[in-house]
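Trainee: Below you'll find the structure I mean.
The values are calculated or read from the model by the stated rules, or taken from the named source; none is laboratory data. Small disclaimer: the values here were computed from a predicted structure and weren't measured. Note: ideal-geometry Cβ built from the backbone for every residue, glycine included; neighbour counts use all protein chains shown. The protein model used for the area step is the full one, side chains on, heavy atoms only, and it has no ligands, DNA or RNA in it. Shrake-Rupley method; radii C 1.70, N 1.55, O 1.52, S 1.80 Å.
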Amino acid sequence: MELKPCPFCGGQPTIKRLEDDVWYEVDDTLPATKGENGAYIYPTKEVHRQELWRVSCLEHGVFYAATKEQAIAAWNRRVPAAPKQEGAQG
C-alpha cells in the first residue's frame, strides 16, 4: 500500500513500528522479594502484547494504528480543511 504525501505541505510522512504495547500483571505464583530500600518487589508476567505503528508529518499530525496497513489507510484518508466561505459562522 502506497503512503501518500502530506495533504497540507506535500512532504513525505514517516512510518515507524513502535515498541510493542505490553501489559503486565503481578505473577502471584512467585514470591515477592525485598529490595535494597526495603520496598517489596513483586514479579510480573506479560498478559498482552500489541504491535503499534505511527505515521507522521513533522508539521501536520500523527496517526497511530495496530497494523502498518491500518496506519497507512488512516493517513491516506486525510484531506486539507476546506477554506471558510465568506459569511460562514465558526
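Trainee: Looking at (1) in a strand (DSSP E or B); (2) at pLDDT below 90; (3) of a type in the set (Gly, Ala, Ser), find the lone condition where SER56 falls short.
Mentor: So the condition that SER56 fails would be (2).
Trainee: Residue check: is ILE72 within 26 Å of GLU2 (Cβ to Cβ), part of a helix (DSSP H, G or I) and of a type in the set (Val, Ile, Thr)?
Mentor: yes
Trainee: Could you list, in sequence order, all residues of the stretch 51-78 that are exposed (fewer than 14 other Cβ atoms within 10 Å of the Cβ) and closer than 28 Å to GLU25 by Cβ?
Mentor: Answer for the stretch 51-78, where residues must be exposed (fewer than 14 other Cβ atoms within 10 Å of the Cβ) and closer than 28 Å to GLU25 by Cβ: GLU51, ALA66, THR67.
Trainee: Taking the stretch 1-50, which residues are farther than 22 Å from VAL62 by Cβ, open to solvent by less than 90 Å² (accessible area, probe 1.4 Å), in a loop (DSSP other than H, G, I, E, B) and not aliphatic (A, V, I, L, M)?
Mentor: Selection gives ASP27, GLY35, GLY38, PRO43.
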